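For reference, the structure is listed below as structure tokens.
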Amino acid sequence: MSQHHPQPIDDADDDDDRDGDAPPTTRGPKTLRRLHLRRSVLSQSTGSSLVEWGHTKVLCSVRGPRPFHCSGLSHGGSGGGNGGKAALLCQVRYLSQIGLRPESLARRSFVGDASHAGAKLPKDVLSTSQDAAPHVSSSNSSVAAFPDETHLSRLLHDALSPAVMSDGPGGNRAVDVYVHVLQSDGGAFGAAVAAATLALADAGVGMRDLPCVGCAAVMSAGGNGREWVLADPNEDELLRAEGVVTVAMMPNWREVMVWDQCGRMSVEASREAMEVARDGCVTVAKFLRNCLLEGP
């Protein structure tokens, strides 16, 4: 078990341009939320993990490697294609009535609405919809009830597949990755990747690196045109953001697997948000490595 309190992602003093009109935060602009990491939490899974990232909680179970025709996600989840011979199959589901925030669901109607003054955030960034899916059962291969789940499943596969060594599962063998979002307060994608990475390592699946996700929000200071960057935003901060940059990468290889930018921001703010998100990946990778070295 590994528990980490908020950590700044650089050692420099932060003299940002925020003023009294800037949205209040309870942590520094370049400080990650608290991370609580555990692995080997499920006895009937090949590998498993539990990640608490701020108030976002994610449980992951890994089955396999096993013959592809035995995979519980052969006809569901997200795989790499290859004529039905994908080595990695991923599925993300939200548990019903857990972490449900009615006020956030109400505000989600503004997502993609051109009349909304804030950032046009994709649903997977807000991560508030819920779906009933019993843990690690045959019903996990059912069709996703929300677009968030399908999109997150594809993003998870894109983030993990380059890191999984092909000489492990092999072309005709599959690794099933089941991710269940127990509670969401922003950053469900990052927590899902962290949980899946720990669970894959716990299952003994060979990996080239530890994939990590970093996220940064571009905030506006009181409508005066000033922008400042906030690392690892929670859901409330995402709803106030002008734009969001999300990066999934393998830090040691310096390879970016997923890069997403949405909302409105200047070129300078976009560049700074990219650097902050990338530094966040490096910091999270250290936490994951420490968790694996500490043991279950």
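Among the residues of the range 210-231, what is the count of those that are in a loop (DSSP other than H, G, I, E, B) and either at pLDDT below 95 or open to solvent by 10 Å² or more (accessible area, probe 1.4 Å) (or both)? Result for the range 210-231: 7.
Considering each residue of the range 236-263, count those that are closer than 24 Å to L160 by Cβ and buried (at least 23 other Cβ atoms within 10 Å of the Cβ), and give that number.
So the count comes out to 7.
The values are calculated or read from the model by the stated rules, or taken from the named source; none is laboratory data. These numbers were taken from a predicted model, which means no experiment stands behind them. Here Cβ is always computed from backbone atoms with ideal geometry, including for glycine, and neighbour counts include all displayed protein chains. Each accessible area value is taken on the protein alone, full model and side chains, heavy atoms only, with ligands, DNA and RNA left out. Shrake-Rupley method; radii C 1.70, N 1.55, O 1.52, S 1.80 Å.
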